[in-house]
Each structure stands twice: as structure tokens, then as C-alpha cells.
Amino acid sequence: MPTDQTPGSIPGHENNGGVPRIQFEDVVKRFGSTTVLDNLNFNVGRGERVTLIGPSGSGKTTILRLLMTLEHLTDGYIWVDGDPLTHARQDGKRVELKSKQVAQVRKRIGMVFQQFNLFPNMTVVDNVIEAPIHVLGQSKEQARENALDLLDKVGLSHRVDAHPSQLSGGQQQRVAIARAMAMDPEILLLDEVTSALDPELVGDVLAVLKDVAANTDITMLIVTHEMQFAQDVSDRVMMFDSGHIIEEGHPDKIFSEPDHDRTRKFLQAVL
Amino acid sequence: MWDTSLFIETLPVLIGAFLKITLVVTVLSSILSALLGLVWAIALRELPAWAAAPLRFVLDFIRMTPLPVHLLVIYYAFNNLSPMTVGVLVFGVHYSTYMAESYRAGIDSIRKGQWEAATALSLPASRTWRAVILPQAIRNTLPSLGNWAIAMFKDTPFLIFISVPEMVTEARQFGGQHFSYVEAMTVAGLLFLVASYPTAVLMRKLEKKLAY
Amino acid sequence: MAEFFSDLGTVLLRLLGDGLTATLAAFAGGAVLMVIVAVLLGVAEHQGPGWLQVIARVIVELFRGTSLVVQLFFIFYVIPTFTGFDLGSTWTAIVALGLNYGAYGAEVVRGSLNAVPAGQWETTTALSMPWLTKMRRVIWPQAWALMLPGFNNLMVMLVKGTAVVGLVLLADLTFEAEQLRRQVGTWPAFIGAMLIYYVIALVVSTIMRIMERRAQRRLGLGDFEIAQARKQADEALAGAATPLDTGTGPADLVPAPRRPGGGDA
């Protein structure tokens with residue numbers, strides 16, 4: 001039976017006075033006549049690492065995209081640290097926020113894409129400093145200093161003046177991670193970030209992400225097929241199917257002794 | 001039949017008109033239409049539907065009606081403007097409607113992920129256009145803009161309609177004065193060919209080089 | 001304001017009487033000749049023996065690279081003195097328009113022949129079909145559906161192109177509008193002319209669209225393929241003022257070695 005009413009607070013990730021980092025409330029998302037998410041409710045605590053697994057079309061990527069405001073909510077609310085992201089409640093009515101208000105909250109969220117999406121007309125370092133300068137208002141020197149530091153952490157300090165087209169997929173993805181981290185986000189969304197990579201390049205990217213997980217307390221929402229990585233990094237795994245959470249729990253439990261049949265079948269297919 | 005001395009005599013006249021009128025109009029109009037075309041493309045994309053629709057209609061109307069008629073109406077309606085000025089303005093606006101389509105194609109061909117990355121970084125719209133979209137779109141569109149400039153160049157003889165002494169007008173006049181048209185027309189044709197063909201080839205090469 | 005519309009009405013009626021006939025004659029003749037020239041040159045470029053491909057290519061680049069007006073004057077002024085044969089205004093206009101737009105059309109035809117899948121060509125070879133049968137029964141019907149969007153664009157350009165025929169003393173819409181200007185004023189005269197041109201262009205384009213859809217449905221192409229072919233023609237128009245430039249250059253004056261599909265695929 002789908003468990004939609006989930007407090008979602010794991011010990012060790014106490015929320016800020018009880019306010020979860022992320023809260024999905026009665027979220028509905030329809031694409032035309034297809035309902036992908038139907039009254040979805042879940043929370044994510046501060047610093048929590050949650051992996052979403054499930055068959056394609058189950059809604060996992062949609063959740064990330066809704067959080068990043070790349071898709072519009074059909075109904076429901078998304079709260080970030082208790083603040084409304086795109087819609088708020090005013091006098092009992094559901095009100096859409098103006099884009100400036102949305103931008104304020106969205107700044108706390110960063111995303112790394114499956115297709116990297118680096119800006120091809122800019123060098124690596126320019127890609128990383130673009131948003132810090134024009135969104136966070138940092139000075140060029142300060143942004144550059146931070147960028148070089150981040151690029152060093154992801155192992156690309158020798159390619160800072162290269163253009164994305166000169167880099168391998170794995171290198172581009174690492175730049176993408178640095179670019180997202182340069183905004184100092186509270187929440188990092190990872191949308192199948194290794195699915196488009198050649199197998200030999202996957203390890204380097206996962207190493208960078210494990211580094212991020214270990215050395216920061218950033219909240220992470222991860223969609224991935226890399227089950228080992230999920231097990232290494234996650235505090236909680238949520239199994240999705242047809243827009244509902246079928247099962248969730250600690251990765252050790254979910255991966256070894258799942259309760260539900262569908263979870264078991266899915267894991268058998270991918271593991 | 002063919003008089004080589006006439007051929008030689010006509011060369012400086014036609015080359016002069018080519019340089020002073022044809023090239024000048026082509027260059028100035030191309031710049032105008034490239035700039036205007038970008039304005040239309042962004043406007044059609046960013047304006048609300050009630051404003052974009054009439055703009056689209058006006059641009060389509062201009063694009064689907066003949067250039068000579070546009071030249072004539074502006075020439076007669078604003079007879080304080082010099083014919084050259086009318087020519088540059090009309091060519092500029094007329095071809096801007098084609099170039100707007102080219103820009104549209106160039107902007108549309110930018111992968112959705114670029115827009116999404118800009119959203120993910122919370123880049124404001126103005127910055128997204130200036131730093132991410134336009135540099136890529138213009139790069140995509142440049143070869144097509146070049147091809148349209150070449151087409152415009154071949155349409156400059158339409159300036160005959162408003163009495164601009166461009167190259168083909170001069171050729172016809174020369175032919176009439178010397179009772180033989182073949183030399184002057186051949187020179188005119190050759191000048192067009194020599195100017196447009198290598199440029200077209202260059203545009204194709206440029207297209208291949210510019211692909212990311 | 002009301003005066004403008006009554007003037008406009010006068011203009012439309014007069015133009016529809018006088019200038020329209022000449023414009024339509026130039027368009028119709030030009031369109032027919034354009035298609036004939038385009039098919040002949042396009043097939044020659046794609047299928048001909050090496051020397052024919054070169055000749056066709058040269059003719060195409062000659063007409064594409066020089067201006068319509070130059071070609072018009074050449075036929076009007078030069079040909080009569082050389083051959084003693086005067087075509088007259090209408091036929092001069094038709095020949096010039098047909099040759100010029102036909103050269104652009106040749107590229108449309110060639111591109112469409114290229115776009116017919118290689119498997120189709122190879123099957124006809126495997127069945128030992130003679131060339132005429134192959135083209136008539138298998139290749140052409142498929143290429144035709146693919147070339148209609150390109151021809152649609154060219155037809156609209158041809159409608160606009162007829163405006164030059166006044167230069168060879170043909171009393172077309174533009175010519176008559178300029179005459180009318182003295183009576184009714186600049187704006188009514190020319191806006192009237194533009195409206196008529198616009199309507200002609202719309203009608204032509206709509207007829208072409210209907211032909212496109214019929215040809216594509218007959219081939220069993222679904223909505224997606226139809227949209228694709230139209231999109232490609234529009235992209236080509238947006239991307240190349242030399243419509244449907246298939247990316248060939250002077251190197252192709254030396255034809256590529258023949259392959260089973262023929263031409264320079």
C-alpha cells in the first residue's frame with residue numbers, strides 16, 4: 001500500500017525548529033491528460049541525503065524538476081525551509097507567487113543535469129563564475145577565487161580556460177557540479193548525472209559527489225541508477241511507482257530486504 | 001555584335017556604380033536588417049500573445065509582398081528622403097523579416113537544457129539572453145544572415161524603380177546610349193557573379209566551422 | 001480615414017481589372033517554366049553522366065549567382081539583337097522568371113532526389129529496372145512529396161518576383177499602381193497593390209499546402225513526416241537565401257564517383 005503520509009524526519013537530521021528542508025504538500029502534476037504525481041506528500045530533513053528510485057515514468061525526475069521550477073505545479077505546494085517556492089496560501093486560497101519571489105527561494109537550490117548543460121560559449125571558469133557574479137552579486141575576483149578553488153576540488157584546475165567542447169563527458173559533469181556548488185546551495189538536486197557518461201568516466205564523477213556528501217551538510221535529492229552510490233551516500237531511499245511512494249527506508253534495508261513486491265522486482269532488474 | 005572596346009569602356013562606369021551604390025546599400029541594409037531581425041525575433045518570443053500576433057501579421061505581410069512596391073510607396077510618401085536613403089531603409093526592413101525567421105530558427109535550435117541550466121542557476125532573463133542564448137543563437141544564425149545578405153545584394157537592381165543610379169541602371173543607360181546592351185549587361189552579370197559566388201561558398205564553409 | 005478606404009476600393013477595382021492579368025500571366029507562365037527547368041536541371045545534376053552534371057551545375061550557379069534583373073534585361077535587350085527574334089514583354093518576363101527561379105528549383109529537386117532513401121534506389125537496381133521506369137514508378141513519386149514544401153516557398157517568391165516585369169514594359173499590378181498614384185494618392189494605390197499580391201501569395205501557398213498533404217498522405221507519410229518535410233523547407237528558407245542549399249560547393253563541379261543511388265549522394 002502506498003505510504004504517502006510520511007513525516008520524513010530521520011534522527012540525526014533534526015529540522016530547524018521542526019521545519020523540514022523540503023516539503024511536498026498535496027502535489028499534483030499533470031502533463032496534458034497524464035497524471036504523473038497525484039497528491040504526493042513527503043518531507044526531506046536538513047542535510048538529509050535521499051535517493052529516489054523506480055521505473056522511468058514513475059515521477060522521480062518530475063519531482064526534481066518541480067523543485068527546480070522547471071515544471072509548473074498543477075496543484076499543491078512546495079515548501080523550502082517553510083517558505084513557499086511557487087505557490088503560497090493567502091486567506092485560505094492558493095496563490096501563485098511572482099517570479100521575483102520565486103527566484104529568492106530558488107537561489108537556495110542547485111541542480112546538476114544528465115546532459116551537463118554547460119554554456120558552450122564560455123570557458124570552464126566563466127561557466128562557474130557567471131551566476132555568483134550576476135545572481136549573488138559577488139565581485140569578479142571573489143567569484144574567480146571561489147571558482148578556482150571548486151574546480152581544484154573536482155580535479156580540473158588544469159582545464160579552467162578550456163571550452164566545454166574540449167572536455168570529456170565526465171570532465172564536463174564535474175564542471176557542472178562545481179558550477180552548481182559555486183552558488184553555495186542548501187539543496188542539491190542530482191538528476192541521473194552519470195547516465196549519459198561512458199562507464200569509465202562514471203567513477204570520477206561519483207567520487208566528486210561522495211566528496212561533496214562527506215564534506216558538506218548540503219541536502220541532496222538524488223535520482224540515479226547507480227545503486228552502489230545510492231547505498232554509499234543516502235540516508236533514505238524512496239521507491240516510486242506511478243507517482244506514489246511505494247516504500248521508503250534506510251538503504252541497507254531497502255536494498256537487502258525490501259517489504260514490497262514491486263520494490264523487489266525493480267531491484268532485481270537493476271542490481 | 002560584340003564590341004570589346006565598349007566592354008572596356010563600360011568597366012569603370014559599372015565598377016564605380018557597383019562600389020558607390022550597390023555595395024554601400026548592401027552593407028548598410030544588411031546591418032540594419034540584421035539588427036532589426038533580432039529585435040523582431042526576440043519581440044515575437046517575449047511579447048504577450050495580444051501584442052505578438054499583430055506584429056507577426058505585419059512582418060508576414062511585408063515578407064509576402066514585393067520589394068519594388070515597398071520601394072515605390074516609401075519613395076513617394078516620403079519624398080524629402082533621398083532615394084538612397086529610401087533604398088537602405090526599405091531593403092533593411094524587408095530583409096529584416098527574413099532574418100527574423102533565421103534568428104527564430106537559430107534560437108529554437110538551442111537545446112532546452114541551456115535554458116534549464118540558466119533557470120537552475122537563477123540567472124535573470126536579461127542575463128540569460130545576453131550571456132547564454134544570444135551568443136549561441138547569433139553564432140547559429142550567422143551563415144543564414146550571410147546568405148540573406150547575398151540575396152539582398154542580388155536584389156539591389158530593384159533600386160531602378162526609384163531612380164537610384166546603381167549598377168544595372170547604369171548598364172541599361174550605357175547600353176541605350178551606345179545602341180548595344182550586350183557588353184554592359186555582361187559586365188553587370190559578371191560583377192554579380194564574381195561578388196556573390198565566392199561569398200556564398202565562404203558562407204557554407206563558415207557554417208561548417210561555426211558548428212559547436 | 002473614410003476617404004482612404006473609398007480610395008482603396010477604387011484602387012482595388014481598377015487594379016483587378018488592369019494590372020492583375022499581366023501579373024497572373026507572368027506568374028503562371030513563370031511557374032510552369034520554373035518547374036520544367038527545375039526538373040530538367042535537377043535531374044541532370046543528380047542523375048546525368050559526368051559532363052551533363054557539370055553543365056547543369058554551371059547553368060544553375062550562373063542563374064543563381066547573377067541578378068534576376070540582369071537576366072531580364074539580357075533577354076529583353078540582348079537576345080533580340082543577336083537572334084533577330086523578339087519575344088515580346090510577356091514572354092521575356094516568363095522566360096526570365098522561369099529560368100531564374102528554375103535554377104533555385106533545381107536545387108530543391110536535387111535535394112529531394114538525395115533525400116529518397118538509398119534503399120529505394122538499390123531495390124530498383126536489384127530488380128533491374130530501366131532508368132525511366134525506376135524514376136517514374138519508384139523514385140519520383142517519393143521525391144515529389146519531399147520537394148513540394150521547397151516549391152511552395154519558391155512559388156511565393158515567384159509571386160513577388162513578378163513585380164519586376166514592369167521593367168520590360170509589362171503593365172502589371174505594380175506598374176498600374178504607380179499610374180493610379182496620381183489619381184488616388186500614394187498610400188491607397190500601393191496598399192491596394194500589396195493586398196492583391198498578398199492574397200495571390202496566400203492562395204498559391206494554400207494550394208501548394210493541399211498538394212503537399214495529398215502527396216505525402218498518398219505515400220503513407222504520417223503527420224510527423226509531413227511536419228518534418230515542411231519544417232525542413234522552412235529551415236532551409238530561413239537558413240539559406242539560396243533555398244535548400246544542400247551544402248555543395250565548387251568542388252562538386254567535379255562530380256563524385258557514381259554510386260548505386262546515382263548522383264552525388
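Considering A:Val160, A:Val202, which residue is surrounded by 14 or more Cβ atoms within 10 Å (Cβ to Cβ), over 18 Å from A:Val128 (Cβ atoms) and away from chain B (no Cβ under 14 Å)?
Numbers: A:Val160 fails: over 18 Å from A:Val128 (Cβ atoms).
Going through A:Val160, A:Val202 in turn, the sole match is A:Val202.
So A:Pro199 ticks every box in (1) modelled with pLDDT under 95; (2) under 18 Å from B:Gln114 (Cβ atoms) but one. Which box is left unticked?
(2)
Can you tell me which of (1) free of Cβ contacts under 8 Å to residues at least 60 places away in the same chain; (2) under 15 Å from the mean Cα position of the chain (by Cα) is the one C:Ile55 doesn't meet?
C:Ile55 satisfies all of (1) free of Cβ contacts under 8 Å to residues at least 60 places away in the same chain; (2) under 15 Å from the mean Cα position of the chain (by Cα) except (2).
Is it true that B:Thr85 is free of Cβ contacts under 8 Å to residues at least 24 places away in the same chain, surrounded by fewer than 23 Cβ atoms within 10 Å (Cβ to Cβ) and more than 30 Å from A:Arg65 (Cα to Cα)? Write out each step before concluding.
Details: free of Cβ contacts under 8 Å to residues at least 24 places away in the same chain: yes; surrounded by fewer than 23 Cβ atoms within 10 Å (Cβ to Cβ): yes; more than 30 Å from A:Arg65 (Cα to Cα): yes.
For B:Thr85, the condition - free of Cβ contacts under 8 Å to residues at least 24 places away in the same chain, surrounded by fewer than 23 Cβ atoms within 10 Å (Cβ to Cβ) and more than 30 Å from A:Arg65 (Cα to Cα) - is met.
Please specify each residue of region A:141-157 satisfying the condition of being crowded, with 19+ Cβ neighbours inside 10 Å and among the small types (Gly, Ala, Ser).
A:Ala143, A:Ala147 - these are the residues of region A:141-157 that are crowded, with 19+ Cβ neighbours inside 10 Å and among the small types (Gly, Ala, Ser).
Can you find a residue in region B:139-148 that is part of a helix (DSSP H, G or I), closer than 21 Å to C:Val78 by Cα and touching a residue at least 12 places away in the same chain (Cβ under 8 Å)? Even if it seems obvious, please write down each step before you answer.
Keep residues of region B:139-148 that are part of a helix (DSSP H, G or I), which gives B:139-148.
After this cut, where a residue has to be closer than 21 Å to C:Val78 by Cα as well, the list is none.
Within region B:139-148, none of the residues are part of a helix (DSSP H, G or I), closer than 21 Å to C:Val78 by Cα and touching a residue at least 12 places away in the same chain (Cβ under 8 Å).
Restricting attention to region B:128-145, and to residues there that are hydroxyl-bearing (Ser, Thr, Tyr) and within 13 Å of B:Arg104 (Cα to Cα), which single residue is surrounded by the most Cβ atoms within 10 Å (Cβ to Cβ)?
Keep residues of region B:128-145 that are hydroxyl-bearing (Ser, Thr, Tyr), which gives B:128, B:141, B:144.
Checking which are within 13 Å of B:Arg104 (Cα to Cα) leaves us with B:141, B:144.
Values: B:Thr141: 28, B:Ser144: 26.
Among residues in region B:128-145 that are hydroxyl-bearing (Ser, Thr, Tyr) and within 13 Å of B:Arg104 (Cα to Cα), the one surrounded by the most Cβ atoms within 10 Å (Cβ to Cβ) is B:Thr141.
For region B:155-175, does any single residue satisfy the condition of being free of Cβ contacts under 8 Å to residues at least 12 places away in the same chain and more than 9 Å from chain C (Cβ to nearest Cβ)?
yes
Would you be able to say whether some residue in region A:174-193 is assigned to a helix (DSSP H, G or I) and more than 14 Å from every other protein chain (Cβ to nearest Cβ)?
Taking region A:174-193 first, the residues assigned to a helix (DSSP H, G or I) are A:174-181.
Narrowing further to those that are more than 14 Å from every other protein chain (Cβ to nearest Cβ): A:174.
Checked region A:174-193: at least one residue is assigned to a helix (DSSP H, G or I) and more than 14 Å from every other protein chain (Cβ to nearest Cβ).
Could you tell me how many of the residues in region B:45-95 are part of a helix (DSSP H, G or I), of a type in the set (Ser, Thr, Tyr) and either touching a strand residue (DSSP E or B) at 6+ places or on another chain (Cβ under 7 Å) or within 13 Å of chain C (Cβ to nearest Cβ) (or both)?
To start, the set of residues in region B:45-95 that are part of a helix (DSSP H, G or I) comprises B:45-46, B:49-63, B:67-77, B:83-95.
Right, trim to of a type in the set (Ser, Thr, Tyr) and you get B:75-76, B:85, B:95.
Subset that is either touching a strand residue (DSSP E or B) at 6+ places or on another chain (Cβ under 7 Å) or within 13 Å of chain C (Cβ to nearest Cβ) (or both): B:75-76, B:95.
So the count comes out to 3.
(1) without any contact (Cβ under 8 Å) to a residue 60 or more places away in the chain; (2) crowded, with 19+ Cβ neighbours inside 10 Å: which one isn't true of A:Leu188, the others all being true?
(1)
Scan region B:108-118 residue by residue and report those that are within 14 Å of chain C (Cβ to nearest Cβ) and among the small types (Gly, Ala, Ser).
B:Ser109
Among the residues of region A:103-120 satisfying the criterion of being crowded, with 19+ Cβ neighbours inside 10 Å and more than 14 Å from the chain's Cα centre (by Cα), which is farthest from the other protein chains (Cβ to nearest Cβ)?
A:Val105
Go over the candidates A:Glu130, A:Glu145 one by one and state the one that is under 18 Å from A:Ala176 (Cα atoms), part of a helix (DSSP H, G or I), among the charged types (D, E, K, R) and within 14 Å of chain B (Cβ to nearest Cβ).
On the way: A:Glu145 fails: within 14 Å of chain B (Cβ to nearest Cβ).
Checking each option against the conditions leaves just A:Glu130.
From the list B:Ala41, B:Ala34, exactly one residue is in a helix (DSSP H, G or I), among the small types (Gly, Ala, Ser), out of contact with any His (no Cβ under 8 Å at 6 or more places or on another chain) and away from chain C (no Cβ under 12 Å). Which is it? Walk me through how you get there before you give the answer.
Numbers: B:Ala41 fails: away from chain C (no Cβ under 12 Å).
That would be B:Ala34, the only listed residue that is in a helix (DSSP H, G or I), among the small types (Gly, Ala, Ser), out of contact with any His (no Cβ under 8 Å at 6 or more places or on another chain) and away from chain C (no Cβ under 12 Å).
Which pairs have Cβ atoms under 8 Å, sit 6 or more apart or on different chains, and link a residue in region C:113-131 that is touching a residue at least 60 places away in the same chain (Cβ under 8 Å) to one that is of a type in the set (Ser, Thr, Tyr)?
C:Asn114/C:Thr246
Give region C:125-143 a look and list any residue that's surrounded by fewer than 20 Cβ atoms within 10 Å (Cβ to Cβ) and part of a helix (DSSP H, G or I), or say none. Give the derivation first.
Within region C:125-143, the subset surrounded by fewer than 20 Cβ atoms within 10 Å (Cβ to Cβ) is C:125-133, C:135-138, C:140-142.
Scanning region C:125-143 gives C:Thr125, C:Ala126, C:Trp131, C:Leu132, C:Thr133, C:Met135, C:Arg136, C:Arg137, C:Val138, C:Trp140, C:Pro141, C:Gln142.
Can you pull out every residue in region B:119-154 that is among the polar types (S, T, N, Q) and within 11 Å of chain C (Cβ to nearest Cβ)? Spell out the reasoning first.
Here is the first cut: in region B:119-154, the ones among the polar types (S, T, N, Q) are B:119, B:122, B:126, B:128, B:136, B:140-141, B:144, B:147.
Scanning region B:119-154 gives B:Asn140, B:Thr141, B:Ser144, B:Asn147.
What residue, of C:Leu154, C:Leu158, C:Leu170, is under 23 Å from C:Ala31 (Cα atoms), within 14 Å of chain B (Cβ to nearest Cβ) and not in a helix (DSSP H, G or I)? Steps first, answer last, please.
Details: C:Leu154 fails: not in a helix (DSSP H, G or I); C:Leu158 fails: not in a helix (DSSP H, G or I).
Matching residue, one of C:Leu154, C:Leu158, C:Leu170: C:Leu170.
Of the numbered conditions (1) outside the structural domain of A:Ile129 (by TED's automatic domain parsing); (2) touching a residue at least 40 places away in the same chain (Cβ under 8 Å), A:His260 fails exactly one; give the number of that condition.
For A:His260, the exception is condition (2).
With the condition being more than 14 Å from chain B (Cβ to nearest Cβ) and not aliphatic (A, V, I, L, M), I'd like the helices (runs of 4 or more DSSP H) fully within region C:39-112 carrying at least 2 qualifying residues. If you could, list the steps in order and put the result at the bottom.
Values: elements: C:50-65, C:68-73, C:79-83.
Fully inside region C:39-112 and qualifying: C:50-65.
The values are calculated or read from the model by the stated rules, or taken from the named source; none is laboratory data. Note that the structure is predicted; figures quoted are calculated from it, not measured. Counting neighbours? That spans all protein chains shown, and the Cβs are built from the backbone with ideal geometry, glycine included.
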